[in-house]
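A short write-up of the structure that comes next.
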Amino acid sequence: MNFWSFVSQNRLEIASLTAEHLWIVSIATLLAIVVGVPLGVLITRKPALRKPVIAIANIIQTIPSLALFGFLLPAPWIGERAGRLAILALMLYSLLPMIRNTYAGIAGVDRAIIEAARAMGLTDWQLLYKVELPLAASVILAGIRIAVVISIGLATIAAAIGAGGLGELIFRGLTMVNNAVILAGAIPAAIMALLADVLIGWLEERFAPPREA
Amino acid sequence: MADSAQAAVQFCDVSYNLAKGREILYRLNLAAFSGEILVLLGRSGSGKTTALKLVNRLREQSSGEVLVDGRSTRTWNLIQLRRHIGYAIQEVGLFPHFTIARNIGLVPELENWAKEKIAARVEELLKLVGLSSDISSRYPHQLSGGQRQRVGVARALAADPPILLMDEPFGALDPLTRSDLQREFLLLQQKLQKIIIFVTHDLHEALLLGSQIALLEDGKLVSCSTPEEFVRSQDPLVRKYVEAFAGTDVRKRGRA
Ligand SMILES: Nc1ncnc2c1ncn2[C@@H]1O[C@H](COP(=O)(O)OP(=O)(O)O)[C@@H](O)[C@H]1O
Ligand SMILES: [Mg+2]
């Protein structure tokens, strides 16, 4: 069976696996933003926490993905559903770029701008959402882009624990020793990663602060 | 608002040390009143910027008191204290993601002024600092250095604070633009009658603008006097500073 005939005969399944893949990655990314951006902000405020937080996120990233899925399997509630488990694992992998870029984006804001803002009587909160986050937005988006592209690739491995997604076709193709089936999973995943890269890259540019002359 | 006899910024025996124990300011005593420009003069590293930042509590002194309108800055609500004080710096620090109008109108916006009132105030301030109101929809990077400095001053004046702190606000400008701004600034102060503390290392600027000149050296106050007294002073450190600028006629004051 060649690639095109496999795709045309299984387009519904491929579409639904693609949607599943996208869902897992999107939820994992949203959770990583919700956890990672505040952590990144926190370590700009509490310098003592910076090293430990980054170190932990770093260590998580070095755990091989299959091992991480395995570690999380016994976790209550999470382990019951492969989808939940995959989302948690991808979220954990995404934390590092999220935390690091949020920190770098805020730390990179010109000191004179921060001092001017403080001197004008902005509260900590106003400083954060009116000045620091908008000026760090494009760097934070770069972190999101990196996390999403990595997650789309990693999510294929989550099929090994039955989480679904395009990895299912890849693993099926491997057992069947059928390249057409492998490609039917790999190509949509690659296209998804490419599109995410371009789309978020475009957002990054839109949110880049007007350059100081 | 405090009565005018009280409207003042005073340094009472103020010292500032770094955590490692290094002394940056040593037992400073100074006062500035409405309608005055108190100039802090001194070479770079003498502690001028640090002294200025003690007033709006961007730094906190290690001992002594800074009084604003007769009250220790430590007893002021920090946000209220800062809204009471305008701050303009050499780096300007305009928000690159805000238009000029939004930059100038930010403090009024935070103080919940009505939109029309903010717009009118922005217009008024642009005129006051000699800018055309067409630039209000532009972004800081689209302005020249001189225009940005003017916007910085306008922003500091936005909510009409009685006190203005200025840290070498004209330092980065070419001599011609600088002298224009200095002249306009003097006229502005005659109109506004604020309490102004103005930091510079430039003797000419100090003589032109200051009603009092406080010379700092190594975190210590060397002398505080009127410009006339300053150029005649026999204090060796003052002489040294004045002579460093010799060759250029320091006695010629551009003041009416
Ligand atoms: N946060 C800081 N850490 C280390 N040194 C500092 C700090 N703030 C000020 N200083 C030192 O204090 C001295 C006075 O600085 P500053 O007030 O900026 O002087 P000026 O404005 O007169 O140039 C300088 O020697 C400077 O290096
Ligand atoms: Mg300075």
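The values are calculated or read from the model by the stated rules, or taken from the named source; none is laboratory data. Given the structure is predicted, the values throughout are model-derived calculations rather than measurements. Cβ placement follows ideal geometry from the backbone for every residue including glycine, while neighbour counts extend to all protein chains displayed. The accessibility values were calculated without ligands, DNA or RNA, using every heavy atom of the protein model including side chains. Shrake-Rupley method; radii C 1.70, N 1.55, O 1.52, S 1.80 Å.
A few notes on this one:
- Among residues of the stretch A:164-179, those that are open to solvent by less than 70 Å² (accessible area, probe 1.4 Å) and assigned to a loop (DSSP other than H, G, I, E, B), counted: 4
- Contacts under 6 angstrom Cβ, first residue in the stretch A:95-122 being within 14 Å of another protein chain (Cβ to nearest Cβ) and outside any loop (DSSP other than H, G, I, E, B), partner modelled with pLDDT under 95 and surrounded by 21 or more Cβ atoms within 10 Å (Cβ to Cβ), 6 or more apart: A:ALA112/B:GLY93; A:ILE113/B:GLY93; A:ALA116/B:GLY93
- Single condition B:GLU91 does not satisfy, out of (1) away from ligand 1 (no atom under 16 Å from the Cβ); (2) within 11 Å of chain A (Cβ to nearest Cβ): (1)
- Note on the stretch B:13-47: among residues that are in a strand (DSSP E or B) and within 12 Å of ligand 2 (Cβ to nearest atom), the one that is farthest from the other protein chains (Cβ to nearest Cβ) is B:LEU41.
- Boolean, A:ILE78 is outside any helix (DSSP H, G or I), away from every other protein chain (no Cβ under 14 Å) and within 20 Å of A:ILE33 (Cα to Cα): yes
- The residues of the stretch B:17-45 include none that are among the charged types (D, E, K, R), open to solvent by less than 90 Å² (accessible area, probe 1.4 Å) and near ligand 1 (Cβ under 10 Å from one of its atoms).
- Of all residues in the stretch A:174-213, those satisfying the criterion of being among the aliphatic types (A, V, I, L, M) and within 14 Å of chain B (Cβ to nearest Cβ) are A:ALA208, A:ALA213.
- Screening the candidates B:GLN80, B:GLN90, B:GLN142 for the property of being within 16 Å of ligand 2 (Cβ to nearest atom) and either open to solvent by 50 Å² or more (accessible area, probe 1.4 Å) or under 17 Å from B:ILE196 (Cα atoms) (or both) yields one hit, B:GLN90.
- Residues of the stretch B:46-77 that turn out to be of a type in the set (Gly, Ala, Ser) and either surrounded by fewer than 15 Cβ atoms within 10 Å (Cβ to Cβ) or touching a helix residue (DSSP H, G or I) at 6+ places or on another chain (Cβ under 7 Å) (or both), as a count: 3
- Within the stretch B:108-117, considering residues that are within 11 Å of chain A (Cβ to nearest Cβ) and charged (D, E, K, R), the one most open to solvent (accessible area, probe 1.4 Å): B:GLU111
- Residue match in the stretch B:48-64 (condition: away from ligand 2 (no atom under 16 Å from the Cβ) and outside any loop (DSSP other than H, G, I, E, B)): yes
- Condition met for A:ILE182 (in a helix (DSSP H, G or I), buried (at least 17 other Cβ atoms within 10 Å of the Cβ) and free of Cβ contacts under 8 Å to residues at least 24 places away in the same chain): yes
- Against the criterion of being away from chain B (no Cβ under 14 Å) and under 14 Å from the mean Cα position of the chain (by Cα), A:LEU169 does not qualify.
- Pairs where the first residue, in the stretch B:45-59, is farther than 10 Å from A:ALA119 by Cβ and the second is more than 7 Å from ligand 1 (Cβ to nearest atom) and of a type in the set (Ser, Thr, Tyr), C-beta under 6 Å, 6+ apart: B:THR50/B:TYR16
Listed here are the residues, each with its yes/no results for (1) within 8 Å of chain A (Cβ to nearest Cβ); (2) open to solvent by less than 60 Å² (accessible area, probe 1.4 Å).
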position	(1), (2)
B:GLY86	no, yes
B:PHE95	yes, yes
B:ASN103	no, yes
B:LEU106	yes, yes
B:GLU124	no, no
